[in-house]
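Just so you know, all these numbers are worked out from the coordinates, no wet-lab data involved. Being a predicted model, the structure only gives us computed values, none of them experimental. Note that we place each Cβ from the backbone using ideal geometry, even for glycine, and neighbour counts take in every protein chain shown.
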């Protein structure tokens, strides 16, 4: 579907977009933080609670079977969306953060020992830094960091030099939430695999915007959040290769993840249930599957093309304003713009743009090492989704112009 | 003037603004007019770090037993609100500051900046003003 020609009918699918904020039409440009939800997703949640709410995998009764079937069908939807080989390689979690913590914990407990090394990048979100630091405290591992250049691109030469026989895992983001850089994860994985090192890819900012195939990438772990891809909050995904998931210790203990429990010996359930302790968010998973169907119907390539068009238009218009410093200027870039307007503090700019109904993110975006690299405290970030328009970008540019008059 | 008289004066001053643009112009003006906070006072112990912006605050007890505050922020809007707060509470006795209820922020429609979700350091700063007053009160009491 060509988004540009259908933009009005697409926007009509997102009820929140008709709101006014401070008497101005809402211009929502904080999509890297979370996306708005289409009617199909909202209705799926309602349908779940009104017609098929019963605990999954535990009941012989009709409703429980319906709920279980919907939850497992959602798993297959995610599997096919990511191009995974098996549906049991898809673990439902609360989101990207929980998925990374799961791997840090279970992979860490199973395979890592004091003195081992893992590699992350300098452009990681805190969720792909802190779980490894917690592991560092528990296990005495060390963390190596891939630096990035002025354009916000990873230094692949340094990356290749970071490996030693102690390296056990690479954890890197596919797309930076601040810089927008689309990292060459396929090449990163090839290099890591040449050292027999598995790779975890943080897909929180990639899955909503570009087509991803975990088998083509040969990723060992790939994680993302539902709420950033037009789905509900509180549901996310961990893809893991069967061979790793089979070998890893469970993360949390509880219902569903066991085969037999006794005080002498407890045995664990098979994949994927081994990693899904407790009642899963089966309403969330079915609504996430609906969100995936929504983007699939439009087409990931169409979404990527349209968002690139928005990105290029926005950069052009903002550059024409002058006196703006951009952070993250790679040619391989997702629709995220981090900037500093003149000497105006991001808090001031964000506060005043909000008065014009324009929602942007300000601050360090939970990626303080990036701020440190540029020697700044924070940025103003505009991030786009498939429902944004060039008119909204015009509103942003006009808003920045107006706010500048105050300084 | 008492703290409440000063608060009422600020509320009156701001009553003329019916447009956010004018109101924030005034706040930015106040921020820019706030007396310079010396760099050597930007010490870790004077810093209140918010997620979005930083606030520095310092206080001394003058020879008349009144608390004199000074402060700064890296964000001008925060600095402007800080200027209003310092204008209202500075040059009062510790007891007056401890007992005060700062209602003017609400009244002039800047409550959002003192919300915990804003994380700009202002909310913690208001608490800090009172802590200074309590500390000075115990000194005066000796």
Please report A:86, A:373 as a ranked list, fewest other C-beta atoms within 10 angstrom at the top and most at the bottom.
A:86, A:373
Before rounding to the nearest 500, sum -39500 (n - 2.57) across all DSSP H runs of length at least 4 in the protein assembly as shown and divide by the residue total; then give [θ] at 222 nm in deg cm²/dmol.
-13500 deg cm²/dmol
Model label zone, residue A:252; criterion: amide N under 20 Å from point 7 Å along Cα-to-beta-carbon; scope region A:276-307
A:276-289
Shielding by other protein chains, B:45-53, mean Cβ within 10 Å:
3
Select from A:362, A:173, A:50 the residue whose mean-square fluctuation is largest in a Gaussian network model of chain A (Cα-Cα springs shorter than 10 Å).
A:50
Report the FRET efficiency, 1/(1 + (r/R0)^6), for residue B:68 and residue A:69, where r is their Cβ-Cβ distance and R0 is 56 Å, rounded to 0.05.
0.20
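If contacts are Cα pairs under 8 angstrom and at least 6 residues apart, what is the relative contact order of region A:42-297 in percent?
That works out to 25 percent.
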How many nm separate the modelled label positions at residue B:25 and residue B:98, each set 7 Å beyond the Cα in the direction of the Cβ?
4.3
Given 0.36 nm per residue, what is the gain on full extension from residue A:160 to residue A:53 after removing their alpha carbon distance, in nm?
33.5 nm
So, in Å, what gap is there between the alpha-carbon centers of region B:83-120 and region A:26-95?
47
Say R0 is 35 Å: what FRET efficiency, to the nearest 0.05, do residue A:404 and residue B:130 get from their beta-carbon distance?
0.45
Cα shape, chain A, gyration tensor, a/c 1.5 rule:
oblate
In terms of the Cα gyration tensor, with a ≥ b ≥ c the square roots of its eigenvalues, is region A:30-103 rounded because a/c is under 1.5, prolate because a/b exceeds b/c, or oblate?
oblate
Taking the alpha-carbon centroid of each part, what is the distance from region A:374-407 to region A:226-305 in angstrom?
36
Residue A:46 label point, 7 Å along Cα→Cβ, cut-off 18 Å on backbone N: hits in region A:203-237?
A:231-233
Once the Cα atoms of helix B:122-141 and of chain B are each reduced to a long axis, what angle between those two axes, in degrees from 0 to 90 to the nearest 10, is obtained?
20
Mean-square fluctuation check for chain B, GNM, Cα pairs under 10 Å: which of B:128, B:40, B:95 is largest?
B:40
Could you check the simple spin-label distance between residue A:8 and residue B:36, using points 7 Å along Cα→Cβ, in nm with one decimal?
5.8
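May I ask what percent, to the nearest 5, of DSSP beta bridges between residues of region A:172-327 are antiparallel?
Looking only at bridges with both residues in region A:172-327, the antiparallel portion is about 60 percent.
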Which residues in region A:41-63 have a backbone N closer than 19 Å to a point placed 7 Å from the Cα of residue A:293 along the Cα-to-Cβ line?
A:41-54
Within 10 Å of the Cβ of an average residue in A:351-360, the count of other chain Cβ atoms is 3
Looking at the protein assembly as shown only, what percent of DSSP beta bridges run antiparallel? Nearest 5 please.
65
Residue by residue through A:337-349, how many Cβ atoms from other chains fall within 10 Å of the Cβ on average?
4
Residue B:115 and residue B:5 label points (each 7 Å along its Cα→Cβ direction) are spaced in nm at 3.5
Test of understanding: ordering A:116, B:72, B:22 by Cβ neighbours within 10 Å, fewest first, what list do you get?
B:22, A:116, B:72
Considering only B:106, B:91, B:64, give the residue with the highest GNM mean-square fluctuation for chain B, with springs between Cα atoms whenever their separation is below 10 Å.
B:64
